[in-house]
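Below is one structure, written out as structure tokens; comments come after it.
Each reported figure results from applying straightforward, stated rules to the coordinates on display, with no laboratory input. Just so you know, these numbers come straight off a predicted model, no measurement behind them. All Cβ positions, glycine included, derive from the backbone under ideal geometry; neighbour counts span all protein chains shown.
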Amino acid sequence: MLLIYSILPAALLHNFPCSGVIFSLFLIKQSDSYLSATFLCLAAIRYICCLTQQILNLLYTMKRFMKHPLGIIALLSVVLITSCSKDSAEPDPSMGYIQLASGFAAGTSTHVEVYATDSAFTGYNKLYILLKDSVTGKPVDNAAVLLNPMMAMMSMSHSSPKENPVSNIAVNHFFPCSVSFIMPSTAGTWTLGVQIQNLENGKSGTASFTINVKDPFYAKMFSFKSLADNSTTYFVGYAEPSKPIVGINDLELVIYKKESMMLFPADSSLSVMVTPEMPTMNHGSPNNVDPVHVINGHYKGKVNFTMTGLWRLNLKLKSGTTVVDSTHYIDLTF
Amino acid sequence: MKQLIFMAALVHLLVPGHAQAKHITGKTTDSIPVVQLEEVKVYGLAKNTNQQLLHYYTANQAATTEDILARLPELNMIRRSSYGMEPVIRTYSSGQSGLLIDGMRIHGACTDKMDPASIYVEPQNLQSVQIQTGHGFQSGSVIGGSVDLKLAEAVFNDSGKWSGSVSSGYQSAANAWYETGKLNYSGNRLAVMTNISWRKAGNYRSGGGAVIPYSQYGKLNYGVTALYKLNPNWTAKADLLLDDGWNIGYPALPMDVGYAGARIAALSLRNESGRGRWQQTELKIYANAIRHFMDDAHRLNVPMHMDMPGESRTYGGYASSRLVINSNTQLDLKADLSSTFLKASMTMYQQGQSPMYMLTWPDNNTLQTGLGAVFSKRINSASVLMLSARADLFSKVLTTQTAKDQLSVLNKPVNNVNRFLKNISLEYSYRFNDRVKLKTVLSYSERMPTSSELYGFYLFNAFDGYDYIGNTLLIPENAWKAEANISGKSGIFQYGLTGYVSRINNYIMGIYQPGLSTMTIGANGVKQHSNLPYAMIAGAEASLIVQPDHALWLINTTRYSYGEDHAHNALPMIPPVKNTSSLRKMIGPCAVQAELELATAQNRVNSKAMERTTAAYAIAHLRLMYSGALAGNSFRIDGGVENLFDQAYREHLDWGGIHRPGRNIYLQFTFQF
């Protein structure tokens, strides 16, 4: 009995002082065991509700905490303590990488492996190059890597837009880079040359792989001739979101200009307007942010999806005030 | 003071031996009108000191809860289907008023308000209806008032007896069947009541003969209530109420309900001894869960089929008691808390594509804690002063990352909405003499925006054809309200006249957003819930009861409402003047009742809400009742014709311009043992 009388007011006072005071007064007035028992139930419910609320608040606070540098350090230290850092040379299969090709770069004592998150497709492909010392099998984290994609057709050949690794130092053993295959392998044969300079053993050489490039179900890249001069050819590729969600998504497009069969430099001169639409529903979404050029032909903005399903990004590209293309779109589904 | 108390306990009218039921009391304060419905026995209940003279208003045994609620002058029904009408107090929206079942908060699981809590209560498990039009001490922070549907309960009997009834009926307009069964056990410490009712209706025939497609429904409602007397002062009560509805058509909406189920449970303890300083103490914990599946599977010419399931779960409890300070002064206290989880989603199917899925109510939880007090003081033999106050703490949160991500698409939403709401009211009543009693109320109240208003995500409103999106930056509405009531009794006449006016600041209404693209195919545009500077609502209700002798009654009620926004535009959903008359004559074991409903036209409409005008109408009903005895048990027959002259008509609050049922011949047979 004493327990009930001491716990209950405290329990109720916990979050709602007024009710606690009144209830406790009330209990003393009544001095009835049934009443006390029911109050215990009520208090329990109160607690459950409060607890739920507290947990929700805690989660919310944690989220904010994460934004603070000290918070991240604290969290990281927890992560480090709980998970012993394993130094694995193999790509973590849980990261969803798949191997597109592998082989030796002649004369470098280095094994070259090419990874991606998806099999190669027509469009902007993010690639991850892993170099391994052919004797020890240990990853080579210090190397200069240059890509040379080449399409061999019946009578001619051409290259494609590409991004070499920005640094000679690997990120988590991988050299991130990209190739924008501008047509599928049905038109000819794609060869990816990976020229490396192993800065750990000082040897240089090239590995060459045949890559099978397929057209995705929904095109991820298109090209157009500028309406301004009716001659310049641009390539526009879809980079992000690779995993769209219902909500705000970071939108990233890449734009390249064709200067010659071998030269596809990044373009930063265009302005892009994106209008998302659900073609089957004929509606759009609010509060999108048109992508603007950030670096190396990458244009970043926001695209909002209000539901899952098939979405179409209608694109309008301008050079200054002149519309250079407004007929193309990129479809995606999730 | 509101003197009118309506009663539908027709049995007692018809059988003189049951006349003691007239003296049943409502367990309420004087300011709350009580509608006493079922045959209520006196045994365990008539302990209350607040005696009120009861007058009778009838609804037949075949009526639904909605039919009964529609007859109360303070209530209007928003109709989207032949079943599942939404009761609203005066012209306040459902978000502005509270609808409770036996003090329990219950939130519909449908984003389109297809399932107001009233659909879960059948007339046979409804004991009374408490309507509070002032400030809602009992129900929470509301600006329009509250309706509490009190559940029927078993009664104690020293001898321990079994009783029950079965009833079967048919209604012609919708080819509808209505079957009920009830079994009670009344012991001296334990009393149990079980009941079941089943309804099935086809598409109904409207006045003039047109059949309204998608107006069918089927439902099963069953429950058990047990009372256990712990000691002479304390009684424990357990309620379990279950309701399953299926294939419910909503002709005014583009979708129907495949299945809707409610599970409602409560445990309570109460002290009705009427002695001591603390009286009428009640402690209750409850839980309810609703699942609702809306789809358009049976609709023709739909561009794309969709499913819209929703769910609602509420847990809560309250403690209330009355502190009797002295014979003239008392303090009613109530503390309550509840937690409501809501989630609703939409999935559309297009062949050859991945399904289109989104949350229409992003998962959200509302935690509410409130404390209310009513201080009443009898100043002298003629005047009473009541001061009531209530504070509510609301905390609404989005509970999942998916919900937060999705809502982030809208302009700068916040995930957590915390509001502290304050309400206060002052009531003064003065009794000049038996013939004239005056009551005046002045109140200030606030209300929490609903989950739809805060978090709703492209909810299609079939009334104006716009998609509605929520706004987490809404300011709670607050209202200043004045109400005056004059009532009295003179000879065979009893009258009541109420006038009210309120100014609602930060009035929440959907405002057209031209920059946003619609979600629903064919929608007119997107509206976002926004605060208008203010709106005014006013109105009046009058009632007159004439009772020349015990065999003849005339009841007449009239109501009128007016509403305008800050720019003097008409508010939508304001009903015109409506007058209902009922004349009942008893002839031996029979009763004949004639009813007349009159409504004027409503041409003052809100064009932005695509509201259409409504024509005046007059309809008449004729009802006959007979009670008799059969093998020592009693039975009764209810029969009659509703909409006698088969008028094609609709009320102003009916959505979609759909006519109401035409001539409806009904017959209900009830056997009691």
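Remarks
- Across the range A:93-211, C-alpha contacts under 8 Å between residues 6 or more apart give a mean separation that, scaled by the residue count, equals a relative contact order of 29 percent.
- Mean separation of Cα contacts under 8 Å, 6 or more apart, over the residue count of the range A:221-333: relative contact order %: 26
- The range B:582-673: relative contact order in percent, alpha carbon pairs under 8 Å with at least 6 residues between: 23
- At 1.002 mPa s and 20 °C, Stokes diffusion of chain B via Kirkwood alpha-carbon radius, µm² per second: 83
- Remark: the range B:389-531 is approximated by an ellipsoid whose semi-axes, taken from the C-alpha gyration tensor as √(5λ), come to 42, 20, 11 Å, largest first.
- Most positive-pole-ward Cα, B:A266, B:T498, B:L183, against dipole of chain B from beta carbon charges: B:T498
- Entry note, chain B: the mean residue ellipticity at 222 nm calculated from DSSP H runs of n ≥ 4, each adding -39500 (n - 2.57), is -500 deg cm²/dmol after division by the residues and rounding to the nearest 500.
- Shown for B:W162, A:W311, B:W480: other C-beta atoms within 10 Å of each C-beta, ranked fewest to most, produce the order B:W162, B:W480, A:W311.
- Net charge of the neighbourhood of B:T518, taken over other residues with C-beta under 15 Å away and scored Lys/Arg +1, Asp/Glu -1, is -2.
- Test item: A:282-292 mean partner chain Cβ contacts at 10 Å: 4
- Dipole of chain B, positive end: most advanced residue of B:N247, B:S581, B:G662 [Cβ charges, Cα centre]: B:S581
- Above-threshold pairs, the threshold being 27 Å between Cα atoms, out of A:K203/A:K300; A:K243/A:K316; B:K527/B:K578: A:K203/A:K300; B:K527/B:K578
- Fewest-first ordering of B:F432, A:F181 by other beta carbons within 10 Å of each residue's beta carbon gives B:F432, A:F181.
- Three principal axis lengths of the range B:377-465 [C-alpha, angstrom, descending]: 63, 31, 17
- Listed by Cβ neighbour count within 10 Å, with the fewest neighbours leading, B:K439, B:K377, B:K161 appear as B:K161, B:K377, B:K439.
- R0 of 51 Å, Cβ-Cβ distance A:N172-B:I475: FRET efficiency to nearest 0.05: 0.55
- Rounded to the nearest 20, the Cβ-based charge dipole of the range A:93-211 about its Cα centre (Lys and Arg +1, Asp and Glu -1) stands at 80 debye.
- Between A:S102 and A:N287, the simple spin-label model (points 7 angstrom out along Cα→Cβ) gives 4.6 nm.
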